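Chemist: First the structure, then my questions, so here it is.
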Amino acid sequence: MNRYTLSRREFLAQLGLVTAGTMLAACAAPAAPGGAGPAAAPGAAGPVTAGDREIAPGVRRSETLILENPTGKVVPADDFNRWRPGIQSASTGLQQLGLDALWYIDPDAGIDGVWDNSLAAEKPIYNEDFTQMTVKLREGIYWSDGVEFTAEDVAYTVETLKATAGMSYNGQFNKYVASVEMPDKYTVVFNLAEPNSRFHGLFTVRWSACFIMPKHIFEQQSDIVAYTFNPPVSLGPYVLKDYDPQGDWYLWERREDWQRTSLARFGMPAPKYAMYISPGPSDKKVMAQTSGELDVIHDIAPEGMITLARTNPTSKGWFKSFPWAHPDPTLPAVIYNNEKPGLDNRDIRWALTLAIDIVRVAMASYRGAATISAIHVPPTGLYPGYYFDPMQEWLNNFTLDLGGGEQYKPYDPTAPQRIADAARASLGDMVPTDPEEIRKSIGYGWWKYDLEAAEKLMLKAGCTRNSAGKWLLPSGEPFKIALMAEGDTRPIMNRGAAMIVENWAEFGIESSLDVRDNASRARLTLLGEMDAEFGWTVETWGGHPDLFFFLESWHSSFYRPTGENAVGRNRMRWKHPDLDPIIEQIQRLDFDDPKGIELGLEFIKLAATEMPITPIMSYNVFSVCDETYWEGFPTAENPYTNPVANWANTKYMYVMIKPKA
């Protein structure tokens with residue numbers, strides 16, 4: 001690796017972003033197409049134009065895709081051991097361009113369908129009772145140092161992580177793997193300690209996964225936990241060319257032998273170079289992209305997206321107009337501690353849900369650019385077809401018992417239209433008016449904002465109001481809820497939580513916003529030392545209907561009471577006798593069995609009835625791709641992969657984009 005050192009200030013100045021806190025506009029605009037000689041082949045060096053220059057020694061801007069690394073400054077900058085928990089360099093291009101996994105499931109439509117056999121030559125092969133999984137590997141794949149990738153790498157990865165405390169996947173491999181066999185150079189057989197039809201999920205990328213380790217490198221290390229894997233030997237189509245010792249930028253170069261990687265099936269990656277940078281806060285990202293110096297913004301505040309939409313015609317969001325953002329397969333929700341007095345009652349949880357004004361929450365958090373969900377899966381990827389369309393009739397007919405024999409229908413399919421109307425007041429024609437466009441971008445519906453119905457549910461639960469109008473529990477104690485939330489690290493989540501707290505206070509709940517740093521929030525919510533949290537415990541594949549990805553740890557066998565660390569995703573401490581059979585039936589099915597969708601619908605109906613958490617919306621990421629130098633980025637109209645820059649799936653984007661003519 002050719003080492004040269006630039007300070008962050010020198011790097012940003014050279015890149016044309018910022019010096020002395022102000023924007024440099026010295027870079028000329030890209031040359032207009034035509035009259036510049038023959039078009040360059042994808043990824044090939046074209047003629048130097050007025051808008052081209054070196055951004056690093058020998059690295060031309062026109063050959064480089066520049067992307068945001070949302071981690072920001074990486075500390076330590078020189079640690080690339082992706083198999084150790086807590087690694088900070090994952091999103092520097094390491095997991096996107098340098099590493100590879102057996103399989104990928106795209107959160108959207110996929111480059112050739114949602115499932116891709118990457119290092120594996122075919123899908124996982126299970127025996128009849130799911131106690132054995134066989135993997136057939138691709139031949140002709142090589143590490144960047146010329147060593148062939150074989151079954152030895154896969155077996156070494158699992159056996160080493162299983163045997164080494166302190167490494168990722170140590171717990172899973174100890175629980176599930178009895179032994180590993182290698183019948184030949186390109187076949188691995190996993191003998192499982194118990195039936196597990198979803199064992200392959202550990203090796204299947206959804207944002208990330210268990211990437212395969214280079215045996216010939218790690219077996220030479222005396223302490224693989226401490227080992228920094230620097231320089232990283234690549235199994236992907238790029239190698240690390242250089243990086244900033246301060247952790248502000250990482251430069252990758254396309255391998256000369258890129259044909260010997262799994263991505264080569266789809267053609268040559270167009271950019272010769274890729275640079276992942278820390279561009280700073282939202283306003284700096286706007287300036288950088290406006291000046292053509294940041295091709296892919298990972299995420300930006302809604303106000304920044306609106307500015308780019310209004311002022312920079314080459315900036316493109318996932319949707320061509322409002323709400324712009326890519327809906328991740330993640331479901332921000334109000335996660336109640338179902339063991340807290342009051343919150344252990346379904347009627348009270350439902351009352352809190354009906355006391356939330358989803359229009360105000362959408363406007364506060366996303367300026368209206370939210371994709372709402374009334375049900376307990378995110379409205380993203382292929383899930384509208386799998387779950388949202390089939391659920392509409394049930395939702396419209398679903399009733400709650402408000403007491404006294406009164407039945408009430410809480411579903412409100414007009415909520416997306418009302419959000420669009422509210423957003424249109426400030427954003428005008430940028431907000432769609434077509435009902436189908438609104439449904440696609442803002443959602444299908446939500447629950448009614450109905451304080452009268454919420455009051456009846458509270459009274460039914462035995463609650464009363466005091467002289468000040470505040471709600472009391474049946475015990476006579478004040479009903480108080482502190483809603484734990486993030487701070488400035490995710491302003492969208494902070495704003496949404498603040499509005500929910502305001503809604504509840506208006507209803508008479510003594511509610512407060514409890515902002516904690518990430519480490520403290522993670523520790524407290526795992527222990528259940530919270531009333532409620534605004535976060536997510538539901539994450540899905542997006543492109544595949546299987547819900548076991550998050551449901552596994554919702555099984556009562558994984559339940560831990562408040563005061564003990566929750567296992568997996570059951571931070572709400574919810575148990576229900578009808579839930580376990582659903583999860584168990586899913587686990588006994590083949591991954592692609594359509595019966596899984598039927599069971600998923602059963603889960604959704606149960607969760608909607610019990611409301612252990614209140615779903616709010618998908619986590620919409622304002623990933624903005626600029627078409628000054630490159631075009632062909634994924635969009636809602638061409639959803640071949642996720643554009644969110646830190647997802648490992650974005651490697652597929654490199655073979656689909658082309659230099660701008």
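Chemist: Calculate the FRET efficiency for A425 and E393 from the Cβ-Cβ distance with a Förster distance of 51 Å, rounded to the nearest 0.05.
Modeler: That pair, A425 with E393, gives E of 0.95.
Chemist: On to the next question. Describe numerically, in nm with one decimal, the distance between label points set 7 Å from Cα along Cα→Cβ at E506 and at E194.
Modeler: 4.7 nm
Chemist: Please calculate the 1.4 Å probe accessible area of K272, with all protein chains present, and give it to the nearest 10 Å².
Modeler: Answer for K272: close to 60 Å² accessible.
Chemist: Please report the carbon-and-sulfur percent of the accessible area for the range 517-661; probe 1.4 Å, protein heavy atoms only, DNA, RNA and ligands left out.
Modeler: The computed percentage sits at 51.
Chemist: Given Cβ point charges of +1 (Lys, Arg) and -1 (Asp, Glu) and nothing else, what value in debye, to the nearest 20, does the dipole of the range 118-267 about its Cα centre take?
Modeler: 420 debye
Chemist: Between E181 and L524, 0.36 nm times their residue separation minus their Cα-Cα distance comes to what?
Modeler: Stretched out fully, the E181 to L524 stretch lengthens by 119.4 nm.
Chemist: Now for a different question. Helix 451-460 versus the longest principal axis of the chain: what angle, 0 to 90°, nearest 10, using Cα atoms?
Modeler: That works out to roughly 60 degrees.
Chemist: Limiting things to C-alpha atoms, what are the Rg and the maximum Cα-Cα separation (Dmax) for the range 120-272, in angstroms?
Modeler: 16.6, 52
Chemist: Length gain on complete extension for the stretch N127 to I597, per 0.36 nm per residue less the alpha carbon to alpha carbon distance?
Modeler: Gain on extension, N127 to I597, equals 167.0 nm.
Chemist: Under 8 Å for C-alpha pairs, at least 6 residues apart: give me the relative contact order for the range 514-661, rounded to a whole percent.
Modeler: In percent, rounded to a whole number, it is 16.
Chemist: If you fit an axis through the alpha-carbon atoms of helix 595-610 and take the longest principal axis of the Cα set of the chain, what angle between them do you get, 0 to 90°, nearest 10?
Modeler: Helix 595-610 and the main axis of the chain meet at about 50 degrees.
Chemist: Taking a label point 7 Å from the Cα of K320 along the Cα→Cβ vector, which residues of the range 625-650 have an amide N closer than 20 Å to it?
Modeler: The answer is 625-628, 630-643.
Chemist: At 1.4 Å probe radius, can you tell me the per residue accessible area of the chain in Å²?
Modeler: Roughly 36 Å² per residue, with all protein chains present.
Chemist: Compute the FRET efficiency between F266 and E452 as 1/(1 + (r/R0)^6), taking r as their Cβ-Cβ distance and R0 = 45 Å, and round to the nearest 0.05.
Modeler: 0.20
Chemist: Another one. Let me check something: with ligands and nucleic acids excluded, how do I297, I87 order by accessible area (1.4 Å probe), largest to smallest?
Modeler: So the residues, ranked largest to smallest area, are I87, I297.
Chemist: When the dipole is taken about the Cα centre of the range 67-178, and only Lys, Arg (+1) and Asp, Glu (-1) are charged at their Cβ, what size is it in debye, to the nearest 20?
Modeler: 440 debye
Chemist: Right, next: Hey, got the dipole for the range 543-661? About the Cα centre, +1 on K and R Cβ, -1 on D and E Cβ, debye to the nearest 20?
Modeler: 400 debye
Chemist: Also, quick follow-up: Å³ per residue of the Cα convex hull, for the range 405-559?
Modeler: 203 Å³
Chemist: Pull out the extension gain between E219 and D283, defined as 0.36 nm times the separation in residues minus the alpha carbon to alpha carbon distance; nm, one decimal.
Modeler: Stretched out fully, the E219 to D283 stretch lengthens by 18.5 nm.
Chemist: Of K123/K575; K456/K575; K285/K658; K285/K660; K575/K595, which ones are farther than 31 Å apart at the Cα?
Modeler: Table pairs above 31 Å Cα-Cα are K123/K575.
Chemist: Right, something else. Can you compute the label reach from T134? Point 7 Å from Cα along the Cβ direction, backbone N cut-off under 20 Å, restricted to the range 92-107.
Modeler: Those under the cut-off are 102-103.
Chemist: Moving on. For an R0 of 56 angstrom, estimate the FRET efficiency from the Cβ-Cβ distance between S556 and T311 and round to the nearest 0.05.
Modeler: 0.55
Chemist: List residues of the range 493-522, by number, whose backbone nitrogen lies under 20 Å from a label position 7 Å along Cα→C-beta of S467.
Modeler: Only 508-510 pass the distance filter.
Chemist: What's the ranking of 327-334, 588-595, 629-636, 139-146 by average number of surrounding C-beta atoms within 10 Å, highest first?
Modeler: 327-334, 629-636, 139-146, 588-595
Chemist: Another one. When ranked by the protection proxy of mean other Cβ atoms within 10 Å per residue, highest first, what sequence do the peptides 219-227, 545-553 form?
Modeler: Taking the mean over residues of other Cβ atoms within 10 Å, the ranking is 545-553, 219-227.
Chemist: At a threshold of 8 angstrom on Cα-Cα distance, excluding pairs fewer than six apart, so keeping six or more, what relative contact order does the chain reach in percent?
Modeler: 20 percent
Chemist: Pop out the carbon and sulfur fraction of the accessible area of the range 268-371 as a percent, whole number, probe 1.4 Å.
Modeler: In the range 268-371, the share of accessible area belonging to carbon and sulfur is 51 percent.
Chemist: What's the Kirkwood radius of the range 315-374 in Å, using all Cα pairs?
Modeler: Taking every pair of different Cα atoms in the range 315-374, averaging 1/r and inverting gives 13.7 Å.
Chemist: Helix-only estimate, please: 222 nm mean residue ellipticity of the chain, summing -39500 (n - 2.57) across DSSP H runs of length 4 or more and dividing by its residues, to the nearest 500.
Modeler: -7000 deg cm²/dmol
Chemist: Taking only Cα atoms, what is the 0 to 90° angle, nearest 10, from helix 151-163's long axis to the longest principal axis of the chain?
Modeler: Taking Cα atoms only, the helix is inclined about 50 degrees.
The values are calculated or read from the model by the stated rules, or taken from the named source; none is laboratory data. Just so it is clear, the model here is predicted, and its values are computed rather than measured. Cβ coordinates were reconstructed from backbone atoms using ideal geometry, including for glycine residues, and neighbour counts include every protein chain displayed. Accessible surface areas use protein heavy atoms only, side chains included; no ligands, DNA or RNA. Shrake-Rupley method; radii C 1.70, N 1.55, O 1.52, S 1.80 Å.
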